[in-house]
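Chemist: Let me begin by handing over the structure; questions about it come next.
The values are calculated or read from the model by the stated rules, or taken from the named source; none is laboratory data. Note that the coordinates shown come from a computational prediction; the quantities given were computed from them, not determined experimentally. Every residue, glycine as well, gets a Cβ built from its backbone with ideal geometry; the counts of neighbours run over all protein chains shown.
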Amino acid sequence: MFLSWTIPTPTRRRFFIIKHNLRRENQALWAENAKVFGNVTTPFPGTRVWTGTITKQHPKADDDSCMLDLVFRYTERTIDKRGELLLVMETDLEVWWTNLCESPETVIALYHDHGTSEQFHDVFVRLLRT
């Protein structure tokens with residue numbers, strides 16, 4: 001089996017998208033920040049989605065050279081998928097750390113598409129074994 005490895009050098013940079021663990025985060029503060037710094041869309045009636053980017057220093061970095069983007073998507077739903085009004089508004093918050101210089105929509109799409117490459121890798125490995 002042939003494997004290709006990228007060796008990190010000063011001219012090559014590794015890029016990543018990592019889902020942020022929100023267990024210890026203040027969700028209400030994130031909701032406020034999303035509404036202030038995000039761009040709002042209404043993909044369906046009763047659904048509003050804010051997406052955006054906040055740039056922060058890496059939590060363990062000592063200097064300002066390690067700035068990363070926090071890409072967020074905050075969703076509020078007042079109508080369910082069958083068109084019925086909800087008694088209590090549903091909210092959903094997702095946040096990703098990344099060093100990609102892409103739009104929030106692109107980063108989110110790339111993160112959600114990572115399973116496709118894993119699926120193709122699994123099929124490829126199975127074909128090699130047969």
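Chemist: I'm trying to understand the selection: among the residues of region 52-72, which are of a type in the set (A, V, I, L, M, F, W, C) and at pLDDT 90 or above? Step through it out loud before you land on a result.
Modeler: Taking region 52-72 first, the residues of a type in the set (A, V, I, L, M, F, W, C) are 54, 61, 66-68, 70-72.
Matches in region 52-72: I54, L70, V71, F72.
Chemist: Quick test for you: out of V40, V49, pick the one residue that is closer than 17 Å to S103 by Cα, in contact with a Ser or Thr (Cβ under 7 Å, 6 or more places away or on another chain) and modelled with pLDDT of 95 or more. Lay out the reasoning, then the answer.
Modeler: Values: V40 fails: in contact with a Ser or Thr (Cβ under 7 Å, 6 or more places away or on another chain).
On inspection, the qualifying residue turns out to be V49.
Chemist: Counting residues that are surrounded by 16 or more Cβ atoms within 10 Å (Cβ to Cβ), of a type in the set (G, A, S) and under 17 Å from the mean Cα position of the chain (by Cα), which strands (runs of 3 or more DSSP E) fully inside region 26-90 reach at least 1?
Modeler: Numbers: elements: 39-44, 47-57, 67-79.
Passing ranges, in order: 47-57.
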